[in-house]
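Quick note: the coordinates plus some simple rules give every number you see, no bench work behind them. Note that the structure is predicted; figures quoted are calculated from it, not measured. Every residue, glycine among them, receives a Cβ derived from its backbone with ideal geometry; neighbour counts consider all protein chains shown.
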Amino acid sequence: MSGDNYPDGDRNEVNPTGALRRRDFLKTLGGGLIVVATLPLAGEGLLQEQQARRGGQSAPADFNAYLRVGEDGRVTCYTGKIEQGQGAMTVLPLMLAEELEVAPSTVDLVLGDTDLCPYDGGTVGSQCVRIFGPLLRAAAAEARVVLVEMASEKLNVPVERLRVKDGAVYDLAKPETKVTYAQLVQGKRIERHAAAKPPLKAPADFKVMGWPAPRRDAREKATGRAKYAGDIRVPGMLYASILRPPAHGAKLKTIDASSAEAVAGVRVVRDGDLVAALHEQPDVALAAAAKIKAAYDPSPSVLDDKNIFDHLIKNAAPGRAVAQGGDLAEGAKLAATTIESTFLNSYVAHASIETHAALVEPKDGKATAWVSTQAPFRAKEDVASALGIPSKDVHVIEPYVGGGFGGKSGNPQAVQAAKLAKITGKPVQVMRTRADEFFLDTFRPAAVVNIKSGLAADGKIVFWDYEVLFAGERSSQQFYAIPHHRTVVRGDTFGGGGTTGAHPFGTGAWRGPGSNTNIYARESQIDILAAKAGIDPVEFRLLNLSDERMKRVVRIGADKFGWKPAKAPSGRGTGFACAEYLGTYLSAAAEVAVDKATGKVKVIRMLCAHDSGVTVNPDGAVLQIEGCFTMGLGAAFAEEVHFKNGEVKDLNFDTYQIPRFSWLPKIEAVLVESPQFPISGVGEPAITITQAVLANAVFDACGARLFRLPMTPERIREVLPK
Amino acid sequence: MVEPIQFTLNGKPVRLEVDGERMLLWVLRTELGLTGAKYGCGEGFCGACTVIVDGEPVRSCQAPIKTVRGKGILTIEGLERDGKLHPIQEAFIKHEAMQCGFCTSGMILTAYALLAKNPRPTEKDIRDGLEDNLCRCGTHTRVIQAVLTAAAEMKRAVQR
Ligand code: FES
Ligand code: FES
């Protein structure tokens with residue numbers, strides 16, 4: 001990579017111990033990884049305590065809830081987080097090992113078991129590292145302090161003279177005088193607590209965090225041994241296949257289940273709207289359910305994927321200004337050019353390859369449930385209420401989750417399994433078919449963004465009036481140095497907040513909720529302004545930014561990409577964008593080729609410069625960035641749920657196209673560090689910028705500006721300059 | 001119709017009394033207790049259910065069990081030999097070519113069949129060969145690297 005246009009980064013190393021060593025280490029990794037460590041910027045980090053508080057009141061304060069030192073010296077880490085592929089089970093033990101001063105290889109992990117793990121609100125919103133991380137670290141740090149106090153008494157050495165290494169406390173003056181954690185604890189619960197909560201380690205002192213660590217789940221997943229909820233078997237269990245209505249809003253009138261019930265061993269259960277065929281073989285249950293004849297009143301919905309936007313505009317919640325400054329009318333006076341745009345985004349499915357599954361086994365008035373969910377503690381409540389037993393009597397065990405992306409935050413399949421288990425008195429497993437999964441998905445909401453903005457003759461943005469409908473607040477606020485601005489949000493991040501029934505089906509969080517839409521709209525508009533001003537898109541951003549952390553990530557991204565300044569559309573097909581997502585700062589650059597005859601786009605390469613404070617596990621972060629970019633290609637170019645009158649038209653991967661090997665560009669991740677800022681997540685940020693950067697690259701390639709996602713070949717052909 | 005059906009599964013003979021129309025995927029996952037093959041779409045679109053039948057990758061959600069009568073089936077569980085992982089499995093671990101892991105068995109077995117036919121694939125060959133295996137987590141880059149590494153490893157093993 002060359003290009004000295006935007007010098008920064010490498011020269012400014014501050015933390016030669018940690019950062020440099022780490023960097024040498026990282027050179028050996030694949031994926032074009034470069035780590036840039038830079039000078040701390042002016043600015044304050046969020047207090048760790050403040051973060052911990054955001055972790056929820058219900059997160060226990062006692063460190064024993066998070067860890068246990070075994071008699072054998074191994075440490076068990078307990079977390080209500082789940083592993084859905086994002087690397088939680090790899091990264092969390094690193095955080096614990098760092099503060100407790102033990103080797104990560106001596107840490108075992110128990111995830112998402114509601115009997116063993118501390119309460120957790122759910123694995124959503126990049127919270128693992130960002131919010132749970134500080135809690136876990138605080139627990140480990142306190143445990144370390146207590147263990148040192150215990151060692152001091154045992155060894156008769158003052159605390160000040162004691163040091164900790166690899167799970168043992170020793171006398172600095174006489175290192176042979178030492179005692180291990182295991183000897184101190186002897187397999188018991190630690191009853192004492194530290195007088196004051198010790199501070200967390202500073203990034204410069206990290207020995208474990210920030211170093212690449214291998215995935216803990218790799219072997220199980222490569223051997224087929226990893227179990228998911230649908231893989232769990234218990235004696236006497238039945239598999240349920242649940243009747244799916246033809247359309248959302250269609251009311252069940254009558255059913256005739258006689259031919260289904262005629263199948264040997266099949267039982268049909270009806271409980272209100274829930275109709276299920278059960279059998280000891282899943283496929284037999286499925287075939288039987290297909291035989292149920294059901295009559296429905298048609299859905300009252302008249303919406304489809306064409307008229308939906310008018311409908312949403314009419315039904316959006318009232319506006320709420322989430323940010324404003326200056327005076328828009330003043331700004332308008334300063335503008336030499338005013339540009340008004342409306343951006344539309346379509347419904348998108350989660351489409352995890354694992355469909356929702358749950359097994360509920362009632363026994364002696366209690367129950368055990370294995371659920372594919374991002375929120376096991378919520379599943380516990382849900383299952384308990386469906387069974388009509390106290391939630392303390394429900395034990396949720398969380399196997400691996402085969403992809404969630406926000407789509408597995410509710411637990412409807414667990415509720416169904418519980419109801420059916422209650423009715424039949426047997427363990428019941430529900431595993432959705434792919435068609436059920438599409439039909440019942442809580443889609444990423446379709447959304448509308450209106451932006452009116454003005455440009456002064458010198459290329460500065462002078463006003464910015466932003467309104468978002470149905471994508472919510474996240475990443476809606478612009479971060480450019482614009483004197484007169486306002487951001488108005490109508491409806492929440494998950495698509496709710498409008499008139500009831502604004503959406504014809506369920507909507508919810510989708511990897512990087514709201515931000516995909518907001519960033520696509522904002523960064524498209526910024527590009528439009530840059531083109532209007534006749535300034536290179538990167539230069540234009542730098543001209544209008546004052547936030548140093550953002551400027552740095554923009555410079556580094558452009559530099560590592562080898563960005564050559566030019567006014568867009570240059571015909572070269574390079575695009576740029578920058579964004580902030582829940583504390584992570586990032587920029588992206590992409591190169592595409594557009595076939596003007598067909599409107600098809602080939603993405604050639606993409607680069608992400610990613611600053612999430614300190615990257616706890618660089619290996620995992622790079623994997624997440626690659627995954628985000630790859631997944632994001634779908635929402636950029638193809639993914640859109642088609643529907644009409646309550647019917648979901650896309651029910652499998654034949655019509656709903658997700659990214660494939662042939663779509664794959666070369667992807668590079670550049671990890672940038674800002675040790676003075678709080679550590680933020682890596683699982684979502686890069687996807688939120690993908691659609692924006694690709695829209696800008698398409699424009700640069702052929703002059704087609706897309707105001708609606710996905711950028712299908714037809715839509716591109718429609719706006720190609722003739 | 002329930003009928004006796006025999007085949008070899010991961011090198012061992014199996015005899016079942018089963019309705020021959022039932023799909024291999026479900027029989028594997030229930031009666032035979034092998035849950036490594038996954039249900040992802042049920043219609044042949046995703047490849048998560050891939051197993052090897054007489055050397056060919058087969059979408060087990062689309063294969064009535066009577067069609068494997070007398071044949072040899074290899075599932076992900078059978079790839080490991082005497083506690084030693086297959087080079088493709090090793091390479092997937094090395095490159096961390098999985099996230100949620102739900103597509104992984106199908107990816108590995110499809111790659112296995114690909115390498116059996118084409119021991120020195122180009123990157124393009126790998127992309128083409130895996131084109132119809134879907135991964136939602138976006139592990140594609142790593143999967144390609146893993147298959148390239150596995151090919152090199154296997155070649156070395158042959159030369160040894
Ligand atoms: S489950 Fe067989 S191809 Fe998808
Ligand atoms: S690793 Fe999740 S689907 Fe491929």
Completion exercise
In debye to the nearest 20, the charge dipole size for segment A:439-587, taken about the Cα centre with +1 at each Lys and Arg Cβ and -1 at each Asp and Glu Cβ, equals 320 debye
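Dipole magnitude of segment B:87-159 about its Cα centre, charges +1 at Lys/Arg Cβ and -1 at Asp/Glu Cβ only, in debye to the nearest 20?
On the way: 9 positive and 8 negative charges, 31 e Å.
Value, rounded to 20: 140 debye.
In the neighborhood of B:M1, defined by Cβ-to-Cβ distances under 13 Å, what is the net charge if each Lys or Arg adds +1 and each Asp or Glu adds -1? Write out the running numbers ahead of the final one.
Numbers: positive: B:R22, B:K66; negative: B:E3, B:E17, B:D19, B:E21.
Combined, the nearby Lys, Arg, Asp and Glu give -2.
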Exercise for the section: Hey, can you grab everything whose amide H is under 5 Å from the amide H of A:D327? Only 5+ residues off in sequence or another chain; H modelled, so Pro and N-termini drop out. Expected result: A:H485
Practice task
Apply 1/(1 + (r/R0)^6) to the Cβ-Cβ distance of B:A152 and B:E56, taking R0 = 25 Å, and write down the FRET efficiency to the nearest 0.05.
Solution key: 0.55
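Can you tell me what share of the DSSP beta bridges in chain A is antiparallel? A percent to the nearest 5 is fine.
Values: 78 of 111 bridges.
Approximately 70 percent, going by the DSSP bridge assignments.
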Practice task
At q = 0.14, 0.18 Å⁻¹, what is the base-10 log of I(q)/I(0) for segment B:2-78 according to the Debye formula with one equal point scatterer per Cα and no solvent? Please give it to two decimals.
Solution key: -0.36, -0.61
Exercise for the section: For segment A:480-571, run through the trypsin sites (Lys or Arg not before Pro) and keep only the ones in DSSP coil with at most 16 other Cβ atoms within 10 Å of their Cβ. Expected result: A:K567
Practice task
State to the nearest 20 debye the size of the charge dipole of chain A about its Cα centre, where the only charges are +1 on K and R beta carbons and -1 on D and E beta carbons.
Solution key: 520 debye
Handout entry: Euclidean distance of C-alpha centroids, segment B:12-89 and segment A:614-653, integer Å
Key = 28 Å
Completion exercise
Whole-Hz Karplus couplings 3J(HN,Hα) for segment A:180-185, θ = phi - 60° and coefficients 6.51, -1.76, 1.60, Gly and Pro as x, run 8, 4, 4, 5, 5, 8
Exercise for the section: Please list, in chain and number order, the residues 5+ apart from A:I604 or on another chain whose amide H is under 5 Å from its amide H, with Hs placed from the backbone. Expected result: A:E591, A:V592, A:A593
Exercise for the section: List the lysines whose Cα lies under 17 Å from the Cα of A:K201, skipping any in the same chain that are fewer than 8 positions away. Expected result: A:K165
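Answer rounded, prolate or oblate for the protein assembly as shown, using the Cα gyration tensor with square roots of eigenvalues a ≥ b ≥ c: rounded when a/c is under 1.5, else prolate when a/b is larger than b/c, else oblate. Could you put the intermediate results ahead of the total?
Details: a/c = 1.44, a/b = 1.10, b/c = 1.31.
Rounded, because the longest to shortest axis ratio a/c is under 1.5.
What pairs in B:K94/B:K155; A:K366/A:K419; A:K560/A:K596; B:K38/B:K117 have C-alpha atoms more than 20 Å from each other? Present the calculation step by step, with values, prior to reporting the outcome.
Numbers: B:K94/B:K155 17 Å; A:K366/A:K419 14 Å; A:K560/A:K596 29 Å; B:K38/B:K117 24 Å.
Pairs exceeding 20 Å: A:K560/A:K596; B:K38/B:K117.
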Completion exercise
chain B: antiparallel bridges as % of DSSP beta bridges, rounded to 5, reads 90 percent
Completion exercise
Any lysines whose Cα falls less than 20 Å from that of A:K600, other than same-chain ones fewer than 8 residues away, would be A:K666, A:K722, B:K124
Fill in the blank from the handout: As straight-line cross-link partners of A:K291, the qualifying lysines (C-alpha separation under 21 Å, not fewer than 8 residues apart within one chain) are A:K251, A:K253
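Hey, got a sec? Which trypsin sites (Lys or Arg not before Pro) in segment A:296-349 land in a DSSP loop and have at most 11 other Cβ atoms within 10 Å?
For trypsin sites (Lys or Arg not before Pro) across segment A:296-349 that sit outside H, G, I, E and B with at most 11 neighbouring Cβ atoms in 10 Å, the list reads A:K306.
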Practice task
Would you calculate, for chain A, the mean residue ellipticity at 222 nm contributed by helices, counting each DSSP H stretch of 4 or more residues as -39,500 (n - 2.57) and dividing by all residues, to the nearest 500?
Solution key: -8500 deg cm²/dmol
Completion exercise
Note, segment A:209-226: 3J(HN,Hα) by Karplus (6.51, -1.76, 1.60, θ = phi - 60°), whole Hz, Gly/Pro = x, goes 5, x, 9, x, 10, x, 4, 7, 9, 4, 5, 4, 6, 7, 10, x, 7, 4
Completion exercise
For segment A:148-246 the GluC sites (Glu not before Pro) that pass both the DSSP coil test and the at-most-11 other-Cβ-within-10 Å test are A:E176, A:E191
Practice task
Could you go through segment B:67-72 in sequence order and give the Karplus-derived ³J(HN,Hα) for each residue, using 6.51 cos²θ - 1.76 cosθ + 1.60 with θ = phi - 60°, rounded to whole Hz, and x for Gly and Pro?
Solution key: 6, 9, 3, x, 9, x
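When a/c reaches 1.5 or more, the comparison of a/b and b/c decides; with that in mind, is segment A:606-685 rounded, prolate or oblate per its Cα gyration tensor? List each step's numbers first, then the result.
Values: a/c = 3.73, a/b = 2.22, b/c = 1.68.
Since a/c reaches 1.5 and a/b is larger than b/c, the shape of segment A:606-685 is classed as prolate.
Output the relative contact order of chain A, whole-number percent, from Cα pairs under 8 angstrom with separation of 6+ residues.
Working: 1729 pairs, mean separation 116.9, N = 722.
Once normalised by length, the contact order is 16 percent.
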Fill in the blank from the handout: Lys and Arg at +1, Asp and Glu at -1: neighbours of B:R59 with Cβ under 10 Å from its Cβ sum to -2
Handout entry: Helical segments meeting 20 Å axial Cα length and Kyte-Doolittle 1.0 threshold in chain A (DSSP H)
Key = A:685-702
Exercise for the section: Using only Cα atoms, locate the centre of segment A:137-155 and the centre of segment A:176-253, then give the distance between them in Å, rounded to an integer. Expected result: 24 Å
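Hey, how much of the P(r) for segment A:100-224 falls beyond 19 Å, as a percent of Cα pairs? Numbers along the way, then the final one.
Numbers: 4568 of 7750 pairs.
When every Cα pair of segment A:100-224 is considered, 59 percent fall beyond 19 Å.
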Exercise for the section: Please list, in chain and number order, the residues 5+ apart from A:A577 or on another chain whose amide H is under 5 Å from its amide H, with Hs placed from the backbone. Expected result: A:A588
Practice task
Let me know the Kirkwood hydrodynamic radius for chain B, please, with Cα pairs as the basis and the value in Å to one decimal.
Solution key: 16.0 Å
Practice task
Can you tell me the FRET efficiency between A:T655 and A:D595 if r is taken as the Cβ-Cβ distance and R0 is 25 Å, rounded to the nearest 0.05?
Solution key: 0.65
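Work through the residues other than A:E591 whose Cβ is under 14 Å from its Cβ and net out their charges, Lys, Arg +1 and Asp, Glu -1. Working shown, then result.
On the way: positive: A:K560, A:K564, A:R572, A:K602, A:R605, A:K666; negative: A:E668, A:D700.
Summing Lys and Arg as +1 and Asp and Glu as -1 gives +4.
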Problem - Reciprocal mean inverse distance between Cα atoms of segment B:87-159 - Kirkwood radius, Å - result: 11.9 Å
Fill in the blank from the handout: Here, A:L720 and A:N156, labelled 7 Å along Cα→Cβ, have an inter-label distance in nm of 8.8 nm
Problem - Calculated FRET efficiency for the pair A:K333/A:R225, C-beta based, R₀ 60 Å, to 0.05 - result: 0.35
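Would you mind classifying segment A:459-522 by shape? Square roots of the alpha carbon gyration tensor eigenvalues, ordered a ≥ b ≥ c; an a/c under 1.5 is rounded, otherwise it is prolate if a/b is larger than b/c and oblate if not. Provide the component values of the computation, followed by the final result.
On the way: a/c = 3.53, a/b = 2.13, b/c = 1.65.
Prolate is the answer for segment A:459-522, as a/c is 1.5 or above and a/b outweighs b/c.
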Exercise for the section: Compute the long axis of helix B:140-159 from its Cα atoms, compare it with the longest principal axis of the Cα atoms of chain B, and write down the angle in degrees, 0 to 90, nearest 10. Expected result: 90 degrees
